Amino acid sequence: GLGLSACGGSSTSGNSSSDSGSSSDKKRIVYVINGTLGDKSFFDSGHEGMEKIADQYGDQYETDTREMGYDTSVWESTALDIASEGWDIMIMGTFDMVEYADEIATQYPDTKIWFFDESWDFNTYPHDNIYGMLFAQNQGSYLVGMAAAYATKTKKVAFMGGMQNKVLQDFFVGYKQGVAAVDPSVEVVDDWTQSFSDSTIGHDHARALYQQGYDIVFSCCSSCGLGAFDAAVEMGDGYYVIGVDGNQGEYWASQGDTAKAAHTLTSMQKNVNNTFLDAAGEELKGTLPYGTVVTYGLDKGGVSYSVTDTTKEVLTEEQLAAIDQAQQDIIDGKIQVDTTF
Amino acid sequence: MSDFAATLGGIFSNPNFYFTVLSTTVPILLATLGCAIAENAGSTNMAEEGIMILAAFFGVIGAAYTGSVWIGLLVAVVVGAVMGLMIAYFALYLKVDIILVGIAVNLIGSGLSAFLMYVITGDRSATTSLHSGTLPTISIPGLSDIPFIGTIISNQSVLAWIAYLAIPVMSFLLYKTKLGLRIRSVGENPDAASSVGVSVNRTKMAALVISGILGGLAGAYLSMSYLPYFSKGMSGGRGYIALAATAMANNTPVGSFGTSLLFGFFYALSTYSSTLGIPDQLVTTLPYVATLVGLVIFAINVQRKERKMLHESGGGHSSKAQQVADASEA
Amino acid sequence: MSNKSSKGIAERLRSISVQTRHEILRMAVAIAIGLGIAVVLIVLTAKDPESALTYFVGAPFMSLSYFSHMIEVIIPLLMSGAAVCIMFSANQFNLGLEGTIYLGGLVAALSGIYLVPNLPVLGPIFSILLGGLVGFFIIAIPALLQYKFKANIVVSTLMMNYICLYVGLYFLFDVFKDPASSQHTYPIGSDAGLAVLIPGTKIHAGLFLAVAVVIFAYVLLYKTKLGLSIRTVGQNPKFAKYVGLSVSGLALVSQFIGGVIGGMTGAVQMLGLYQRFEWTSLTGYGWDGVTMAIFAHNNPKYLPFAAIFLAYFRTGAWVMSFKAGVQIDLVSVFEGVMVLFIMAEKFLSGTYRKMIFADADRKRKERNAAKGGEAA
Amino acid sequence: MANDDVNFSTRKGEIHAICGENGAGKSTLMKQLYGVEQPNEGRIIIKGQEVKLTSPQVAIANGIGMVFQHFMLVPSLSVAENITLGIEPTTGLKFDTKKAAEITKSVSDKYGFDIDPAARIRDLTVGVKQKVEILKALVRGAEILILDEPTAVLTPQETSELFVQLRALREAGHTIIFISHKLGEVKSLCDRVTVIRRGHTVGTYNVKDVSESDISRLMVGVNVESKVPKGKANPGPAYLVAKDLELFDLNGKRVVNDISFTVRSGEIVGIAGVEGNGQEPLVNAITGFSGGGSGTLSMGGFDIRSMSIHELREKGLAYIPEDRMSTGASGTLSICENMIADKVDWKRYNKGLLLNQPVIKEDTDKWIKDYDVLCDGGNQKVGMLSGGNIQKVLVARELTGLAKLIVCDQPTRGIDVGATDSIRRRLVNMRDSGSAILLISADLGEILNLSDRLIVLFEGEIVAYFPDVSKVTEEELGYYMLGVKRMSAGQIEGAYSVQ
Ligand SMILES: Nc1ncnc2c1ncn2[C@@H]1O[C@H](COP(=O)(O)OP(=O)(O)OP(=O)(O)O)[C@@H](O)[C@H]1O
Ligand SMILES: Nc1ncnc2c1ncn2[C@@H]1O[C@H](COP(=O)(O)OP(=O)(O)OP(=O)(O)O)[C@@H](O)[C@H]1O
Ligand SMILES: [Mg+2]
Ligand SMILES: [Mg+2]
């Protein structure tokens, strides 16, 4: 296994304390991305959160965002190196980073880590400087699944994921359950593109789904999934994409791309930005519950489904009301949504 | 099993499927024609991948900043031509092995396009913030109304028509024109060509520039037709596929059409078959396996033909193919 | 003997052939051009060009962890470089290393999870050998297709890479995934990984193997009859057949060896740097091997220089990317440009001619001077 | 430097020979005249005007045409396409096939060449290809025609036909520069001769005023005896046995038809014949390059066709191939590596798992000395050597192996007189020390000089057999080679001599 000497750690952590001492009383917080920005998805959303923190608590926080790229072999070194700069808080996430966060938490007990998008296992990695943030994408997916079931004319809807990782399967099980809740006769197919980056592949898979009669595609594969919007526009009336992570309908509208906005039924929003902002607020109050995992579901606004003009056009008010009712039922625990976590 | 067969039957009786086959074939066809013409001049152009990605990127930038996709198309073509020139310069004048030039250009292409995308647009994965637009699609009134066929060929991009038109054009160029004659003679026996004052380098350069232009068109198709934006790594290995398709097509334009269509067919099938119940990862290998199998079948055929040729050429100068054949028969 | 050693440096420099001196000059200018382009791009695009440049050019000497990162990077470069050198020496443009590395890594991980999780030293060695075996089987497919049917090796290996990736993804997701994980296998056993050599760094025992592989490749190619035969085949297959060598057989052997080293490269990388197998795309080390072989002119002797060089600037670009926010994609532009210029036979050929004339001139003068001296 | 201070001039309407040893720089000089290579200094003057021949185009524009030592034709294209390549007639965008054929036809008619413009080059015989080459130059208006060893690949008949045409061209006012190693041809065809030695001109002479031996003396500086002395053979048992041998090409066409002969240890058996009459498939079969066929083919009692080249060589096969540059040597490997390429398995050259480099070096150095290879040392790349020296390296390698059976295919083609002489002497020595030697050569003088017994091949069959070569004349041989005469089966039977 891997072991790290105390000497490397101690000398750098010595540095860090002097660093943080000199730079006034602001808390230094860094968002470490194991990938790059520009995914129009949760990395970007997190970055937005950092900007919100800087906006709202600019006098109390000093923020930075670091991208580690997609070469997995450098993530550990990079994360440790960033940790050695002596941050008060590091935000990082996904299953890939669990073991590295564990190392950092051990080596730099003064640094706090907010760990998102994976359920931190405090039994295996007991750290009191870690705060776990989990998004209940299954809950949000349940709601957009309902929307899909209402909107489909063909009684066939699709889920398009990149690869079958745990988070995406969590999306899928929620989505499937949501569809079935409205109409069990609606067929749900899952399609895995094997890519998170190539938009042409997303485009081709989505188009194939549409052409086979699946008129709603829940596109969950980062940049690859962008292609689905183009496919829907190409196909014309009656074909819709359900966006993910951000409010993609709104995004297209803001870009002036009305065609794509008009083909975006709704989006399963994963509000990483707000979650970061909330956590930053609680941190200041000293109420952030380190040592626990908090699930940001529909109740905390961690996930939500978006309602745009298109949504209102396609779905009736009763249907929207039914979705809202389901949302309340999930929050109240009356509906249990399947999960892979 | 019958379920599987029914699904498959459903796919094959769907005219939209063939529409997809034709449209996914386009960039591969263009790149394959590009590889083929270079190969005819005796230069293996492994750089279509890099040319395509750079042309796709600069085309979008050109289109976005001038507001005209047509100018974008022109930029893509010019970028392709310039890359062709650059490859020619390094391979012919500075004497770099042309396969290595290809590898280098592909490295530069993928790196530079991603790098500049961020620098110029601030986007990291796709230039969705630019409004570069798409080239128009064409529907020929009479044809579009034919039931099955109409669906397949109507609404194909203007570039798709150009690509399919490029097949006879390239055939004409190679077999009926002065330049074509020179290209083939330079590819087959450069010494012979140069001994009668045909500049080998200039002829190869012309072939490589044409090859680059075709790669540029392929790139333009990706970012200004297939999708309305540039996305990182969107060439997706099509340049390598093109190389395979060329090898299988024996470097003829018509053959290139057949082999790129083969890939397009299996690729389209792989995007369709989420409903087939085969693991998606394995389905994704379909086009590559098909290409590999096609390559082997082609190679077996060539082997057979070569045997014949070997006899025909008798005791004269042995061609390169023959030497190789001799050598590996040990 | 003593005479020789007492020669001055200038003298010794002059005794290097003009060809070698020109080669060195060309290499230096190629590097300068590559660096020049990189520097221009950095200066034009970085928010803080000064610190970006400092990281790019000096990172490996700025901290132990950066230095050790450089060593980490060197390991796969050396191994895949050696594999490609051997295959290219037989003139086999086999580009299938990517696939062997990917599946070699997967199988080594599986071995570390299920077969030898708790066997120190021998366990990792076994896993690496198993990775090599997998590399062998993968390369054997295109190699045999070429052997039997003359299927174009460049093309078939490119296709094989994709096939390996997706087959690997199938096993990762549908067969061996740890359900509790995201897209990973179970972790390898506590003794299944490669030991860290220098505490506080990630430099692992794979370094020894990498160096051994390079030495092996050099000795094989230049000191054994198999190597001579492989190179003979690579230089002129017709001649090789004529002197009784089995041309296609040796082409096969060279690719088999390359494939085995490729598989081992993946295994070493996996067991040295990862706890679980989690690669969802090809690693790029196979293409790196090609770049390395190009820089080393297919002679493993030069691999260490090439590896240090590449690793040095990759480390710089890596640090620059997360410290100064300059896109790491820059590095492939830099490398591509250098491949072009380093391989450019005719690059600076004018200077070469001048150097030859100057050399002849100098020799003549020396001769005249010697004559004059004798006369006096 | 290939050429250093060469001076020569030609007159209009003459055939001017250039003679010199291999590597003397003849081809290089001609390439400079044709603009393929540029001289570092010096002047080229045509019709009193200094010209800079920077490329073939410029040379062509100045009325120079060249037929290269190796044909410069594109096999898959037609005659007309080859001839008009570079000056293609077009209509609009199209290459005008009809016009190209017309151009070809008119020029070939004008000079009395009979050629089908539509034929594919790859279907033509060597002689016709040669004509296409000359036509190519004439179509471009060549007044000065350079022919680099044009007769090397021609049959005697084709050669004399060529000479008729060359003389006609001379009458028409063309100047012809003719390069040849065959001094008889120079004597019979040329008006003047320029001799080059090691990149210098020795002088220009009227052919009438010099004898063949004069020229050869001028070329090498010493007078070389043209015949190698050799005693009577003392043959042992048959080492190479071919009985009822039939060979087919890949399409099943019979190319060697039921031949039987032997080569015994300690003798040289010559095979005469016009190129393309079965020598190549025969050599390929004996040396293991191609299998198949029927009948017996054995070496030292082992069936050749069941053995790989490697095994054949282990059993004592040595082979001097016709094509030294691409088959016989590897230009990018060093002399050492070329020398031991067939001997890498020898214990002597291996120490444990590694090659024994000091021993390899030592042996190579010795062979370089023995065979008089002009080089910078064993580590020099073979490609840097001149053609003759490459041949010496090759011969050294082959003759220092076991060499129980030596198959020599054109062992001295294109080699200078000195090297030729030394190679022939070595072959005789090898014979005397017990090797069985099969000699295939287009050089009848060589065949008659070296062979102890002689076979003539015509259309894949043995048409003549001479148990005693000393009584055979070139003339007589010619009749059999051309199929004019043929011996009876009984006479030919002697070729298969087991004792
Ligand atoms: N590129 C080169 N640069 C420098 N010297 C060369 C080059 N090529 C050949 N030489 C040298 O020039 C000399 C003449 O070689 P060349 O091949 O002309 O011999 P040749 O006259 O054809 O002899 P041969 O009859 O043996 O073929 C050789 O000694 C060779 O080493
Ligand atoms: N620029 C150069 N500098 C030095 N050597 C050269 C140069 N160009 C050619 N040579 C070498 O000089 C030699 C001249 O050979 P050339 O072909 O002219 O000989 P040749 O007299 O025609 O012999 P052959 O009778 O074998 O055809 C060649 O071997 C070539 O390698
Ligand atoms: Mg020569
Ligand atoms: Mg010559």
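The values are calculated or read from the model by the stated rules, or taken from the named source; none is laboratory data. Since the structure is predicted, the reported quantities are computational estimates derived from the model, not experimental observations. Heads up, the Cβs are rebuilt from the backbone with ideal geometry, glycines too, and the neighbour counts pull from every protein chain shown. Heads up: the accessible areas ignore ligands, DNA and RNA and are worked out on the full protein's heavy atoms, side chains in. Shrake-Rupley method; radii C 1.70, N 1.55, O 1.52, S 1.80 Å.
Structure notes:
- Here the condition is being in the same structural domain as D:Arg313 (by TED's automatic domain parsing), within 16 Å of ligand 3 (Cβ to nearest atom) and in contact with a Ser or Thr (Cβ under 9 Å, 6 or more places away or on another chain); of D:Leu374, D:Leu385, it holds for D:Leu374 alone.
- Verdict on B:Ala220 being in contact with a helix residue (DSSP H, G or I) (Cβ under 7 Å, 6 or more places away or on another chain), surrounded by fewer than 24 Cβ atoms within 10 Å (Cβ to Cβ), away from chain A (no Cβ under 12 Å) and in contact (Cβ under 8 Å) with a residue 12 or more places away in the chain: no
- Residue among C:Ala52, C:Ala59, C:Ala82 that alone is within 14 Å of chain B (Cβ to nearest Cβ), of a type in the set (Gly, Ala, Ser) and on the phi < 0 side of the Ramachandran plot: C:Ala52
- When the range C:242-258 is limited to residues that are facing chain B (nearest Cβ under 9 Å) and among the polar types (S, T, N, Q), the one that is most open to solvent (accessible area, probe 1.4 Å) turns out to be C:Ser246.
- Flag for D:Ser9 being surrounded by fewer than 22 Cβ atoms within 10 Å (Cβ to Cβ), within 14 Å of chain B (Cβ to nearest Cβ) and more than 16 Å from ligand 4 (Cβ to nearest atom): no
- Of all residues in the range A:241-255, exactly one satisfies the criterion of being hydroxyl-bearing (Ser, Thr, Tyr) and without any contact (Cβ under 8 Å) to a residue 12 or more places away in the chain, namely A:Ser254.
- Remark: D:Lys230 falls outside the filter, which requires a residue to be surrounded by fewer than 22 Cβ atoms within 10 Å (Cβ to Cβ), within 16 Å of ligand 1 (Cβ to nearest atom) and closer than 20 Å to D:Glu446 by Cβ.
- Residue among D:Ile87, D:Ile115 that is farther than 30 Å from D:Lys47 by Cα, of a type in the set (A, V, I, L, M, F, W, C) and either in a loop (DSSP other than H, G, I, E, B) or not assigned by TED's automatic domain parsing to the domain that holds D:Lys131 (or both): D:Ile115
- Test: residue in the range C:164-175 that is more than 30 Å from B:Asn251 (Cα to Cα), within 14 Å of chain A (Cβ to nearest Cβ), surrounded by fewer than 17 Cβ atoms within 10 Å (Cβ to Cβ) and not charged (D, E, K, R): yes
Here's the yes/no breakdown for (1) surrounded by 18 or more Cβ atoms within 10 Å (Cβ to Cβ); (2) within 12 Å of chain B (Cβ to nearest Cβ); (3) in contact with a helix residue (DSSP H, G or I) (Cβ under 8 Å, 6 or more places away or on another chain); (4) not in a loop (DSSP other than H, G, I, E, B):
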residue	(1), (2), (3), (4)
C:Leu303	yes, no, yes, yes
C:Ala307	yes, no, yes, yes
C:Ala317	yes, yes, yes, yes
C:Phe322	yes, no, yes, yes
C:Glu335	yes, yes, yes, yes
C:Val339	yes, yes, yes, yes
C:Asp359	no, no, yes, yes
C:Arg364	no, no, no, yes
C:Ala370	no, no, no, yes
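- Scanning the range D:381-405 for residues that are within 16 Å of ligand 1 (Cβ to nearest atom) and not in a helix (DSSP H, G or I) turns up D:Lys381, D:Leu385, D:Ser386.
- Within the range C:190-205, none of the residues are modelled with pLDDT of 90 or more, open to solvent by less than 30 Å² (accessible area, probe 1.4 Å), away from chain B (no Cβ under 14 Å) and part of a helix (DSSP H, G or I).
Yes/no per residue for (1) more than 10 Å from chain D (Cβ to nearest Cβ); (2) under 30 Å from D:Val139 (Cα atoms):
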residue: B:Ile146; (1), (2): yes, no
residue: B:Ser154; (1), (2): yes, no
residue: B:Ile167; (1), (2): yes, no
residue: B:Ser171; (1), (2): yes, yes
residue: B:Arg184; (1), (2): no, yes
residue: B:Ser194; (1), (2): no, yes
residue: B:Val198; (1), (2): no, yes
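- Qualifying residues in the range D:19-43 (those that are within 16 Å of ligand 2 (Cβ to nearest atom) and more than 22 Å from D:His181 (Cβ to Cβ)) - the one most open to solvent (accessible area, probe 1.4 Å): D:Glu41
- Residue that is farthest from ligand 2 (Cβ to nearest atom), among those in the range D:77-95 that are of a type outside the set (A, V, I, L, M, F, W, C) and surrounded by 17 or more Cβ atoms within 10 Å (Cβ to Cβ): D:Pro89
- Per-region count, the range A:175-196, residues more than 14 Å from chain B (Cβ to nearest Cβ) and either within 15 Å of the chain's Cα centre (by Cα) or open to solvent by 20 Å² or more (accessible area, probe 1.4 Å) (or both): 8
- For A:Ala208: the one exception among (1) assigned to a helix (DSSP H, G or I); (2) at pLDDT 95 or above; (3) aliphatic (A, V, I, L, M): (2)
- Looking at D:Asp363, D:Asp342, D:Asp370, just one residue is over 30 Å from D:Ala285 (Cα atoms), buried (at least 18 other Cβ atoms within 10 Å of the Cβ) and away from ligand 1 (no atom under 14 Å from the Cβ), and that residue is D:Asp363.
Conditions (1) open to solvent by 20 Å² or more (accessible area, probe 1.4 Å); (2) among the hydrophobic types (A, V, I, L, M, F, W, C), marked per residue:
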residue	(1), (2)
C:Met264	yes, yes
C:Arg276	yes, no
C:Thr280	yes, no
C:Val326	no, yes
C:Asp329	yes, no
C:Ala344	no, yes
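- Single residue of B:Ser132, B:Ser144 found to be in contact (Cβ under 8 Å) with a residue 24 or more places away in the chain and more than 17 Å from B:Val26 (Cβ to Cβ): B:Ser132
- The strands (runs of 3 or more DSSP E) falling completely within the range D:10-56 that include 2 or more residues that are more than 16 Å from ligand 1 (Cβ to nearest atom) and more than 17 Å from D:Phe178 (Cβ to Cβ) map to D:44-46, D:49-51.
- From B:Gly142, B:Gly84, residue being assigned to a helix (DSSP H, G or I), away from chain A (no Cβ under 14 Å) and buried (at least 24 other Cβ atoms within 10 Å of the Cβ): B:Gly84
- Residue match in the range D:423-439 (condition: crowded, with 23+ Cβ neighbours inside 10 Å, over 17 Å from the mean Cα position of the chain (by Cα), more than 16 Å from ligand 3 (Cβ to nearest atom) and of a type in the set (Val, Ile, Thr)): yes
- Residues (in contact (Cβ under 8 Å) with a residue 40 or more places away in the chain, open to solvent by less than 50 Å² (accessible area, probe 1.4 Å) and within 16 Å of C:Pro300 (Cα to Cα)) located in the range C:210-241: C:Ala210, C:Val213, C:Val214, C:Ala217, C:Leu220, C:Leu221, C:Gly227, C:Ile230, C:Arg231, C:Gly234
- Of the helices (runs of 4 or more DSSP H) that lie entirely inside the range A:221-282, those containing 2 or more residues that are more than 25 Å from A:Gly301 (Cβ to Cβ) span A:222-235, A:258-262.
- Residues of the range B:200-217 satisfying the condition of being within 14 Å of chain D (Cβ to nearest Cβ) and either within 14 Å of B:Val79 (Cβ to Cβ) or β-branched (Val, Ile, Thr) (or both): B:Val200, B:Thr203
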